[in-house]
Amino acid sequence: MFRLDWPKLEALWMKVSLGTMATFLVTIGVMAFGMDLHTADGRQTIDPTRVDETPPFDRPGLYRIGPDAYRAVVVARVFTFNPDHLVLPAGARIEFVMTSADVIHGVSIPGTNVNLMLIPGQVTTYATTFKRPGEYLLLCNEYCGIGHHLMMGRWTVVAEGGEPAWSASSTAPAGR
Ligand code: CUA
C-alpha cells in the first residue's frame, strides 16, 4: 500500500516556508539599502488641517535657495497639484517639498524612478537634478477619489541657466 512519508513532507514544507520568508527579507533589504527605496521618513510632520497656513506650504511655488538650487513647494489635494506646472532649469539642484492637504496622493513620473507618496500629516522631500531638458508628466498614483485619473501635473525642464517658472492652472480652494 502506498504511504505518504509525513515527516519528510513536513520537513520539505518547512524548508519552502523558511525559503519564502528569507526571499522576502532579502527583497526588502535589497530595495531599502541597494535601491534606496524608502517610505516618507516622517521626520517632518505637519498638521494636515492647517497646510495653507503652515510654512512653506502657505506659499506654494518655486523659490531660489542658492546660486544653482531651487525649492519647489507643492501641495496636493483632490484633484490637483499646486503648482501643477513647474519650469525647471537643467543642471540645477531642485528640492521638492510636498504634502497633502486631504487624502493620500502620489507622484509618479512615467519613464523615471520617481514614485513618491504624499501623506496627510507628513512632509515628503525629494531632491534631484535634471540633466537634460524635457517634458515630464506627473501622475497621481494613489487612488484618491472620483477625480483621481484627472490628477496630474507637468514639469518642464529647460536648458541650463533657463528661467524657472511655475503656475497653477486650476485654482485650488484656499480653504476646505
Ligand atoms: Cu490624487 Cu489620486
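For this structure, a couple of remarks:
- A Cβ distance below 7 Å, combined with a sequence gap of six or more or placement on separate chains, defines the contacts here; from segment 90-109, residues that are closer than 19 Å to residue 132 by Cα and modelled with pLDDT of 95 or more reach no residue that is of a type in the set (D, E, K, R) and buried (at least 17 other Cβ atoms within 10 Å of the Cβ).
- Per-region count, segment 4-40, residues open to solvent by 100 Å² or more (accessible area, probe 1.4 Å) and part of a loop (DSSP other than H, G, I, E, B): 4
- Residues of segment 147-157 satisfying the condition of being farther than 16 Å from residue 75 by Cα and either without any contact (Cβ under 8 Å) to a residue 40 or more places away in the chain or touching a strand residue (DSSP E or B) at 6+ places or on another chain (Cβ under 6 Å) (or both): 149, 156, 157
- From 51, 16, residue being of a type in the set (Val, Ile, Thr) and closer than 21 Å to residue 106 by Cβ: 51
- Each residue in segment 57-76 was checked for being open to solvent by less than 20 Å² (accessible area, probe 1.4 Å) and in a loop (DSSP other than H, G, I, E, B), and 1 of them qualify.
- Breaking point among (1) under 21 Å from residue 166 (Cα atoms); (2) open to solvent by 60 Å² or more (accessible area, probe 1.4 Å); (3) under 10 Å from the mean Cα position of the chain (by Cα); (4) among the hydrophobic types (A, V, I, L, M, F, W, C), for residue 137: (3)
The values are calculated or read from the model by the stated rules, or taken from the named source; none is laboratory data. Everything quoted here is computed from the prediction, not taken from an experiment. We place every Cβ from the backbone using ideal geometry, glycine too, and count neighbours over all the protein chains shown. The accessibility values were calculated without ligands, DNA or RNA, using every heavy atom of the protein model including side chains. Shrake-Rupley method; radii C 1.70, N 1.55, O 1.52, S 1.80 Å.
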